[in-house]
Number of protein chains: 2
Amino acid sequence: MVTTDPDLDDGTPESDLAVVRSTTTRPIEEVAADLGLTPDDVEPRGEGVAKLTLDAVRSATADATDGTTVLVTGMTPTPKGEGKTVTTVGLGQALAALGESTTVAVREPSLGPVFGIKGGAAGGGYSQVLPMEAINLHFTGDIHALTAAHDLLAATLDNHLHQGNDEEVDVRRIHWPRALDVNDRALRETVVGLGGPARGVPREDEFVITAASELMAVLGLASDLEDLKSRIGRIVLAEDADGDPVTPTDLDVTGAVAALLRDAFRPNLVQTVEGVPALVHGGPFANIAHGTNTLVADRVGASLSEYLVTEAGFGADLGAEKFAHIVAREGIVPDVAVVVATVRGAKRHGLEMWPTDFDALADPDPEAVRAGVDNVRRHVEIVESFGVPAVVGINVFPDDTEAELAALEDALVDDGIAVARSTAYSDGGEGATDLAERVRNLAGTGEFTPLYDVDEPVEAKIETVAREVYGADDVEYVDGARDDVDRLEEWGHGDLPVCLSKTPYSFSDDASLTGVPEDWTLTVREVTPSAGAGFLVVKTADVMTMPGLPAEPAAEEIDIDADGDISGLF
Amino acid sequence: MVTTDPDLDDGTPESDLAVVRSTTTRPIEEVAADLGLTPDDVEPRGEGVAKLTLDAVRSATADATDGTTVLVTGMTPTPKGEGKTVTTVGLGQALAALGESTTVAVREPSLGPVFGIKGGAAGGGYSQVLPMEAINLHFTGDIHALTAAHDLLAATLDNHLHQGNDEEVDVRRIHWPRALDVNDRALRETVVGLGGPARGVPREDEFVITAASELMAVLGLASDLEDLKSRIGRIVLAEDADGDPVTPTDLDVTGAVAALLRDAFRPNLVQTVEGVPALVHGGPFANIAHGTNTLVADRVGASLSEYLVTEAGFGADLGAEKFAHIVAREGIVPDVAVVVATVRGAKRHGLEMWPTDFDALADPDPEAVRAGVDNVRRHVEIVESFGVPAVVGINVFPDDTEAELAALEDALVDDGIAVARSTAYSDGGEGATDLAERVRNLAGTGEFTPLYDVDEPVEAKIETVAREVYGADDVEYVDGARDDVDRLEEWGHGDLPVCLSKTPYSFSDDASLTGVPEDWTLTVREVTPSAGAGFLVVKTADVMTMPGLPAEPAAEEIDIDADGDISGLF
């Protein structure tokens, strides 16, 4: 059984490590048995980590899923996050403690942020997934496999140019960047192929962090290996002299790229601090991609347990909307949603602050919290507009005052919204029992319906998201974005769902607009195909796809001793 | 037990897969037990693959090694290779069949070549290491960990420039490239940091394949995690305004880089086709680095079994020399060596052919083979000059005629050189029984002595290798190479061994000179520090550290089916 020392945690990041060190985890085969999996269904990958076998995945996903899918989404976040992962893990632990067989599904952390800005990417305190060090460093190699596969595609494309360019690739219209799992701003804009004819064809290039690779989204949405191959083959790498797409199929490299992703396709099984099964698998961006763990992990979890608790990125305007229009149509439908809200988050909207003004949020201000509740309410409405019942989970921070918590809670209750506090960070599953009971009561009381049909014209789909989800009055196309749409429809990609890339810090496309902005127009600047992933990326601003390191990177604090013990990961 | 179908193999690459598919491997815990390791000493990483635990490594390497170390080296090779890995694996299998507990140690294959020019990198036929697909694709992620660690160093350096450059790094004197495990010529010369002040500082940059990273050599020579950290901290990344070295220690990133390599430091245990324990670990270049599997794998193998059979890159002039002067001083001394020779290899020297003229080598020509024997003889002399007894292992190819084989064999026997044929590719260990018996008889009959002492001046060490190993008459320094030496001695690195980078296709620095070239001068063009690895790289020509893809990459033939079976890897 799992044992932890309840006195260790004081709510600080430093204490996360103490929790990790004091927790005795269950053998992974025992965790697998909770899901009805035998030792033959899991392949150990270091202590407390296993990959499901392909047979186990195929068997679990052969039929429609039976379990209840709980989608954890949130209010408009601050850059520090409102604790969705902690709430996801805590809720899973609470449901398990209530006797429901439960699987938690979250994204895999990227190495880049681990060495950049401090912060574990796998929950925290008594609501995190373990083993923390392994999950944060390499894990089972999925992201490295994606890097290798991504860069094989890039190398093949440049080799094609070098070897004669039979496909007549236009070097000015290459859309496939290179990828590395590192925060490295110097790679945002590069020139490659310099140094003469032995060193390729000179051209402009860019690197993205691997999480931003379309292959990450491809892996995240593939239902099986055949589907994975089909998706890879459809990726638009570049355009030829006639402006037609050049794909991995054209370059004969689809099979090799898929072969590199064979093991990465199989979900990773670990456990929470309280020993609840957790699938940690995939990690796409939540703006240029759909921002949740893999479809296959969700389908396995919902098939093998009564409850699947899964998380989507940013607020409901981004994560839940994309889950509804991109993920759900691939075979996993949310039965109930948790909208995570915090005193800090509400206060920011009440005070109409710029999202990074953390210091200004330190003073208790129940009135400001109350004034910010409309933001939370609007996220609940978005979830409900999909026919999904919602409960607000208030993620309690140590510095929150009772007056502020009550202000948030009471305002929501007054509106007839289901709400429960969660102290899952400090108390584990026990801190999310109320939330779990409300989730259980609401699950299945709605009927999921997307807001648009994929057969509608591209502009109609964009307009639906802009007006009905974001609350925009209108949509404006600039910089040739309308031509982009025409071209994508010509290429036969008009029937894909849209994936809007927008700031997460406002419902609008302007991060400074708090609460529920009114009287504004969404500006569409570019529409590009993620034809392999299966959606059209609609950009409302430049998106940062390669983070940089800060002046004092977290890497400076990280160390390892002679016994292999790593310090400074928090 | 291991079972294979003896009729499957016809000596062609295509038949390798048939061998793989028909072999039933032993559970990896059973293989570990051959080395006296318990299931607790190994951490499974997929079927037939395990990483040794750090405790097992420390325990095995705590004392001096007892086992006999057999170093497999070779004659001057052709670019197709003379079958050193096949001979290494086959010899290990033969020793095991003779009742000697044996470990085989070979390098980890890099992904780049897998998708470039066809060819398995883990032996072949009935003398290969398994599981072939896993070993060739990602394996346990060691090389990916090195890529991540390498590029974290690069990102930290560019971030240092961007954040104010306190160390006053001279952007014109940055020696640390970026790394990717891919064949990608377009990355040989790049410009990074373009696009304005949010995107770093513009500068010239280059990418190397990960196997060419100094970190690969660091990992290959580190004796424990403390030593790994010390070596990382000493790497010369760049020079500052005063021309002094800038190291990872200066950038506070040593601990983070070491943390990324924690698991990569632990050797990987697999097995041969005949179920003999094999450690597949590390894979540094054999020209700019020392070209053999990790020191820690060798030490574990020699500690836990009676015989360790390990392989060094290229011919004895490169691989065995570097083993003697770089690896041996870290604690593993060869007791006997096998010089692998082939009819094809000897014929090339007899015909004085350019190394890639394979077609001209197809016709049987015993006289040419006899004329080429002096090359083999000279490699034997090099090995013996270190006090290591040598036996020539003739790796028999299906097309070799008996007249050619006899010509090679007889000429060596006439000179009093021990020689044995090996048909390990087709016959497994049984095909290397004669070789194993000769190895057993010769082992320990010499006394290992390096040719130079590290305390000698740098130029004296270079001269010793040039004259006594390569057979040069003289050494010429051009392009400021003598200034390089002065600077390295100033930096305090003068007492490191030298690692000469030279064409593998001739004893000389001119690939067209066959046999045993006479009356020639070695040209030294540049001397650079691999201060972390612990040697000075002496370059006699430009070294290709980033391969390119051919016109028809092997990737085009690779595919995966719905069941996850991969085809085309051979």
**Prompt:** When Cβ neighbours within 10 Å are restricted to other protein chains, what is their mean count per residue of peptide A:130-142?
**Reply:** 3
**Request:** Would you mind computing, in nm to one decimal, how far apart the modelled labels at B:Arg329 and B:Asp40 are, each placed 7 Å from Cα along Cα→Cβ?
**Result:** 3.9 nm
**Asked** Loop-only check: which chymotrypsin sites (Phe, Trp or Tyr not before Pro) in segment B:397-452 are DSSP coil with at most 15 other Cβ within 10 angstrom?
**Response** B:Phe448
**Asked** With every protein chain left in place, what is the accessible area per residue of segment B:384-523 in square angstrom, probe 1.4 Å?
**Response** 42 Å²
**Message:** Need one number: nm distance between label points at B:Glu306 and A:Ala241, each 7 Å from Cα along Cα→Cβ, rounded to one decimal.
**Reply:** 6.9 nm
**Prompt:** What GluC sites (Glu not before Pro) does segment B:284-382 have in DSSP loop regions with at most 13 other beta carbons within 10 Å?
**Reply:** B:Glu352
**Item:** Neighbouring partner chain Cβ atoms per residue of A:159-167, average, 10 Å criterion
**Value:** 3
**segment B:450-570: translational diffusion in µm²/s, Stokes-Einstein, Kirkwood Rh over Cα pairs, 10 °C, 1.306 mPa s** = 95 µm²/s
**Loop GluC sites (Glu not before Pro), segment B:18-120, which have at most 16 other Cβ atoms in a 10 Å radius of their Cβ (DSSP)** = B:Glu47
**Message:** For A:Asp483, what accessible surface area do you get with a 1.4 Å probe? Give it in Å², rounded to 10.
**Reply:** 100 Å²
**Asked** Using a simple spin-label model with points 7 Å from Cα along the Cα→Cβ vector, what separation in nm is obtained for A:Ser223 and B:Val413?
**Response** 6.8 nm
**Prompt:** In whole percent, how big is the carbon plus sulfur part of the accessible area of segment B:270-325, probe 1.4 Å, protein atoms only?
**Reply:** 50 percent
**Prompt:** Ignoring ligands, DNA and RNA, what accessible area per residue does segment B:179-237 give at 1.4 Å, in Å²?
**Reply:** 26 Å²
**Asked** Could you give, in nm with one decimal, how far A:Ser512 is from each other copy of that position, shortest first, with labels 7 Å out from Cα toward Cβ?
**Response** 7.0
**Request:** Compute, for B:Leu351, the solvent-accessible surface of its heavy atoms (probe 1.4 Å) with the complete set of protein chains present, and express it in square angstrom to the nearest 10.
**Result:** 60 Å²
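If you take the accessible area of B alone plus A alone and subtract the pair, what total do you get in square angstrom, rounded to 100, with a 1.4 Å probe?
5800 Å²
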**Item:** chain A: projected area of the alpha-carbon convex hull, averaged over directions, in nm²
**Value:** 25.0 nm²
**Request:** Please find the FRET efficiency linking B:Ala406 to B:Thr445, where r is the Cβ-Cβ separation and R0 is fixed at 22 Å, and quote it to the nearest 0.05.
**Result:** 0.25
**Request:** Give A:Lys322/A:Lys461; B:Lys84/B:Lys539; A:Lys51/B:Lys229; A:Lys80/A:Lys461 a once-over and call out the pairs whose C-alpha atoms are over 22 Å from each other.
**Result:** B:Lys84/B:Lys539; A:Lys51/B:Lys229; A:Lys80/A:Lys461
**Complete:** Where a ≥ b ≥ c are root eigenvalues of the Cα gyration tensor, a/c under 1.5 meaning rounded, otherwise prolate if a/b exceeds b/c and oblate otherwise, segment B:142-256 counts as oblate
**Item:** Helix-derived mean residue ellipticity, 222 nm - over the protein assembly as shown, DSSP H n ≥ 4, -39500 (n - 2.57), to 500
**Value:** -9000 deg cm²/dmol
**Asked** Round to a whole number: what % of the accessible area of segment A:142-260 belongs to carbon and sulfur, probe 1.4 Å?
**Response** 42 percent
**Cα convex hull volume per residue for segment A:368-524 (Å³)** = 143 Å³
**Prompt:** Pairing the Cα long axis of helix B:373-385 with the longest principal axis of chain B, what angle in degrees results, from 0 to 90 and rounded to the nearest 10?
**Reply:** 60 degrees
**Fill in**
The alpha-carbon center of segment A:356-434 and that of segment B:160-183 are separated, in whole Å, by 46 Å
**Residue-averaged beta-carbon neighbours from other chains (10 angstrom radius) around B:149-158** = 6
**Complete:** Packing-ranked peptide list from B:259-271, A:160-172, A:224-236, highest mean Cβ count within 10 angstrom first, is B:259-271, A:224-236, A:160-172
**Asked** Using a 1.4 Å probe on protein heavy atoms, which residues of segment A:27-58 have at least 10 Å² less accessible area in the complex than alone?
**Response** A:Glu43, A:Pro44, A:Arg45, A:Gly46, A:Glu47, A:Leu54, A:Arg58
**Request:** Between the label point of B:Asp495 and that of the same position in each other copy, find the distances and list them shortest first in nm, with every label point placed 7 Å from Cα along the Cα-to-C-beta direction.
**Result:** 7.5
**Request:** Starting from a label point 7 Å past Cα on the Cβ side, list the distances from A:His175 to the same position in the other copies, nm, shortest first.
**Result:** 4.4
**Complete:** Mean separation of Cα contacts under 8 Å (at least 6 apart) over the residue count of chain A, i.e. the relative contact order in percent, is 21 percent
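The values are calculated or read from the model by the stated rules, or taken from the named source; none is laboratory data. Since we're looking at a predicted model, the values are computed, not measured. Because the Cβ atoms are built from the backbone with ideal geometry, glycine has one as well, and the counts that use them run over all protein chains shown. Surface accessibility is based on the protein's heavy atoms, side chains included, excluding ligands, DNA and RNA. Shrake-Rupley method; radii C 1.70, N 1.55, O 1.52, S 1.80 Å.
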